[in-house]
Amino acid sequence: MEGRYSKFIGIIHFIGDVVLLNSSFLIAVAIRFGSGFEVNDHYRQLWIILNLIWIVVVYITKVYEIARVQSVEKVTVNLFRSNVLMALMASSFIFSLKGYYYSRQQLLFTFAIFSISQFGWRMLMLYLLNRYRQSGYNYRRVIIVGGNSVADQIVDHFSHHTSHGFKLLGIFSDAPKTKNIDLVIGKIDE
């Protein structure tokens, strides 16, 4: 079951990534050609194509299917994979057009700025989401069925990892053998 706000997390990531991609392109143009460079038709076409390629990459890699529990390593690998795929697709597009008039330096700057800023954006969002969940928002309500040592381990995990966003409602057990007896709220039949 989708949470009330969980569906917006991917949308927020996507909007941020598109803003970063377009900003990276413009910054790279300014670095490569100077602030007086006006984006000509060839570069306008490249700009549009890069945005379309990013949408295709998002569809292929499913980079916005964000799990409730995310590690920095997994985020880094997903971003790396999607950025490499985007660079390969953009290179293929330019090669197929015989677009040798595009500045390779500008493209390199675009991908470098985009990759670095996107990583920073994701780390910031991961941090903010964890803080938000630690504050008691965007959580999933869970119950534990069975009261034994495994239930104790799960209770300990939930209490030590509040940033995962799970709120334990209680334990249902017929014969509770748990140190968290105060969390037992009923029998399994209930």
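Laboratory data are not the source of any read-out in this text; all were calculated from the coordinates shown. Since we're looking at a predicted model, the values are computed, not measured. Because the Cβ atoms are built from the backbone with ideal geometry, glycine has one as well, and the counts that use them run over all protein chains shown.
How high is the FRET efficiency from Phe80 to Asp156, r the C-beta distance, R0 25 Å, rounded to 0.05?
Values: r = 33 Å, r/R0 = 1.33.
It comes out at approximately 0.15.
³J(HN,Hα) across the range 80-96 via Karplus (A = 6.51, B = -1.76, C = 1.60, θ = phi - 60°), whole Hz, x for Gly/Pro?
Once θ is set to phi - 60°, the couplings for the range 80-96 become 4, 4, 5, 6, 5, 4, 5, 4, 5, 5, 5, 4, 4, 5, 5, 4, 5 Hz.
Taking 0.36 nm per intervening residue step and subtracting the Cα-Cα distance, what contour gain separates Val18 from Lys167 on full extension?
Details: separation 149, 0.36 × 149 = 53.64 nm, distance 3.34 nm.
Roughly 50.3 nm would be gained on extension.
Using 1/(1 + (r/R0)^6) with R0 = 41 angstrom and r between the beta carbons of Val145 and Phe8, what's the FRET efficiency to the nearest 0.05?
Working: r = 31 Å, r/R0 = 0.76.
Computed FRET efficiency for Val145 and Phe8 comes out at 0.85.
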